[in-house]
Amino acid sequence: MSSPQITKEHVTRIPTAAAVDMKLEVVVIPVSDVDRAKEFYGGKLGWRLDADYDNGKDFRVIQFTPPGSGCSVIFGKNVTAATPGSAQGLYLIVSDIEAARKELLGRGIQISQVFHDASGVYVGTDEPYLFGRLRVDGPDPEHRSYRSFASFHDPDGNGWLFQELTTRLAGRGFSLDVASLTELLRETEEHHGKFEPTAPKHHWSEWYAAYMVARVRGRTPEEAAEEGKRCIEGPPVAGTGEERTNVA
């Protein structure tokens, strides 16, 4: 989930000892009728069925994955103690919200009109989403990324939201769309240009790779540039405080 109100300037960095990947793999959805939910997520939404395991006694788990998603959903019998329908604010990121909405309508699924927030108003009587913003009909007037939504529910009332994302904020994860990759490459080129005049001989691809991986992991541009520098120059030599230089 990504908030359109948060920018790089507002993020408080929390130091970490090491960059350990933590990839969200599964979200648990509480349902009352397992077969009905299976028909909705598979037969109607058309999501990929990954598993349907039943021990024949008191446990059943079903896993589906949305198209293009790295995260799956599971539901079943004795999978969660949560109240059916209590999962709300489940975000599905789409590049074209009108096309995504049209596809669901074509599959016979009820979905709201496209809407956006009321210029930063965070309270209202409408069905809440994210921070409970008041819904305004139509897409964001300026068609900004992260600002246009549409909502729908599964048969139990679990609430899903389409959020239109056309240009991802740097450091907010990586997607293979052309706009996001182009933006990240240009940023990388700019910072490498500042490093290159005083850098030891190296191949630009090594610095680029280190910088881009750091940004994808949420590092600031300055921190990513340091990662690129360390990749080329090497860590300090123990006991000397000097950096080890690798010359290509």
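Total residues in the range 82-100 satisfying the condition of being open to solvent by 30 Å² or more (accessible area, probe 1.4 Å), over 10 Å from V31 (Cα atoms) and touching a residue at least 24 places away in the same chain (Cβ under 8 Å): the figure is 7. Looking across V11, V20, V79, one residue alone is of a type outside the set (F, W, Y) and modelled with pLDDT of 90 or more. It is V79. Can you name the residue in the range 24-70 that is more than 21 Å from Y91 (Cα to Cα) and in contact with a helix residue (DSSP H, G or I) (Cβ under 8 Å, 6 or more places away or on another chain) and is also least open to solvent (accessible area, probe 1.4 Å) among such residues? Looking at the filtered set, the residue picked out is R60.
Among the residues that make up the range 218-226, is at least one of them at pLDDT below 85 and within 23 Å of C71 (Cβ to Cβ)? For the range 218-226, residues at pLDDT below 85 and within 23 Å of C71 (Cβ to Cβ): present. Here L134, L176, L165 are screened, and the one residue that is open to solvent by less than 70 Å² (accessible area, probe 1.4 Å), at pLDDT below 85 and of a type in the set (A, V, I, L, M) is L134. Checking the structure you have, find out if any residue of the range 76-85 is on the phi < 0 side of the Ramachandran plot, within 21 Å of the chain's Cα centre (by Cα) and not in a strand (DSSP E or B). No, there is no match, as no residue in the range 76-85 is on the phi < 0 side of the Ramachandran plot, within 21 Å of the chain's Cα centre (by Cα) and not in a strand (DSSP E or B).
The set of residues in the range 110-121 that are modelled with pLDDT of 90 or more, surrounded by fewer than 16 Cβ atoms within 10 Å (Cβ to Cβ) and in contact with a Lys or Arg (Cβ under 9 Å, 6 or more places away or on another chain) contains only Q113. Residues of the range 137-155 that are under 30 Å from D35 (Cα atoms), out of contact with any Ser or Thr (no Cβ under 9 Å at 6 or more places or on another chain) and either open to solvent by 20 Å² or more (accessible area, probe 1.4 Å) or outside any loop (DSSP other than H, G, I, E, B) (or both): H153 alone. Of the residues E127, E183, only one is at pLDDT below 85, open to solvent by 60 Å² or more (accessible area, probe 1.4 Å) and over 20 Å from the mean Cα position of the chain (by Cα); which? Every option except E127 fails the conditions.
The values are calculated or read from the model by the stated rules, or taken from the named source; none is laboratory data. Just so we're clear, the structure is a prediction, and the values are computed from it rather than from any experiment. Every residue, glycine as well, gets a Cβ built from its backbone with ideal geometry; the counts of neighbours run over all protein chains shown. Protein only, heavy atoms only, side chains kept; ligands, DNA and RNA dropped before computing areas. Shrake-Rupley method; radii C 1.70, N 1.55, O 1.52, S 1.80 Å.
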